[in-house]
Structures are given as C-alpha cells and as structure tokens.
Amino acid sequence: MSAEIKPEVKKISFEEIKKHSDRSSNWIVINNDVFDVTEFLDKHPGGEEVLIEQAGQEATEAFEDVGHSSDARAMMEQYKIGTLVDSERKPDLPKKSDPEWKESSGSSDVSWKSWIVPIAFGFVATVIYRLYFMS
C-alpha cells in the first residue's frame, strides 16, 4: 500500500508575479493561488483583454464578480503554478456559486399563498356588488 506523495506547492511573491504582466507571460492571483494563464489567453471566453488587464496582480474580485461556473473553476487547476508567500496572503473572498434556477419546494408554497388574499378579496367584492347593485 503506497501513499500518494503530494508535490510541495511553490510559494511565489508579488515581486515575482509582477514580472509576468503582459501577453507573453501572464500570471494572475485568485484567492491566494497563482495561475499562469498565458496559454489560456486565446481560449478565454471573455476575450484575452480581460486577462491581460489583470496580469501580474490580484484578480480575485474581478474573477468573483463575473460569477464563473464550477466548470471554469475546475479548469483553472491546470493553470495553477503556486500560491502566494504566507506574508502576502489575504483572506479568501467567498466564491460565488452557480445561480440556482430551480425553485425550492418552500418557495412554491409561498407563491400559492400570495394569491389567496387577492382571490378572496375579489370574491368578496363580487358578492357585495351582486347583493347591493344587482337586486
């Protein structure tokens, strides 16, 4: 039974990352992880300009604001080359999850209850109208 040995994660400083801030060598930092996205520039669905704009710097907020899918997050792993040195790390921003398009079972109950009051009011108004104005 052999234990899988994980390679040591390379620690990279912002001083080094800033040297990779153009199209020929593009590194970005997302949640304290360092990614070399140079090979991905031509493949990026949002266009290479977005990645070039973030090159050599912290890009977590820009990445999270877009709301990347879980597939995009999984794809990132192949471009990870290390993490920030401990002294330069920041608290991780919360990851934005994929949007939930389906309704939860509780929300349909609330939706149905929101119709009861208008329907009841309409019924009562109709009965009063017929009693007083149709007789």
Residue by residue through segment 31-87, note down the ones that are in contact with a Gly (Cβ under 8 Å, 6 or more places away or on another chain) and surrounded by 18 or more Cβ atoms within 10 Å (Cβ to Cβ).
-> Asp33, Val34
So which residues in segment 19-47 are under 10 Å from Glu58 (Cα atoms) and among the charged types (D, E, K, R), if there are any at all?
-> Asp33
Pairs, first in contact (Cβ under 8 Å) with a residue 40 or more places away in the chain in segment 65-86, second among the basic types (Lys, Arg), C-beta under 6 Å, six or more apart = Gly82/Lys10; Val85/Lys11
Exclusive hit being under 20 Å from Arg89 (Cβ atoms) and among the acidic types (Asp, Glu), set Glu39, Glu48, Glu53, Glu16 | Glu16
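None of the figures in this text is laboratory data; all of them are computed from the coordinates on show. Nothing here was measured: the structure is a model prediction, and the numbers come from that model. Virtual Cβ from ideal backbone geometry, glycine too; neighbours counted across all protein chains shown.
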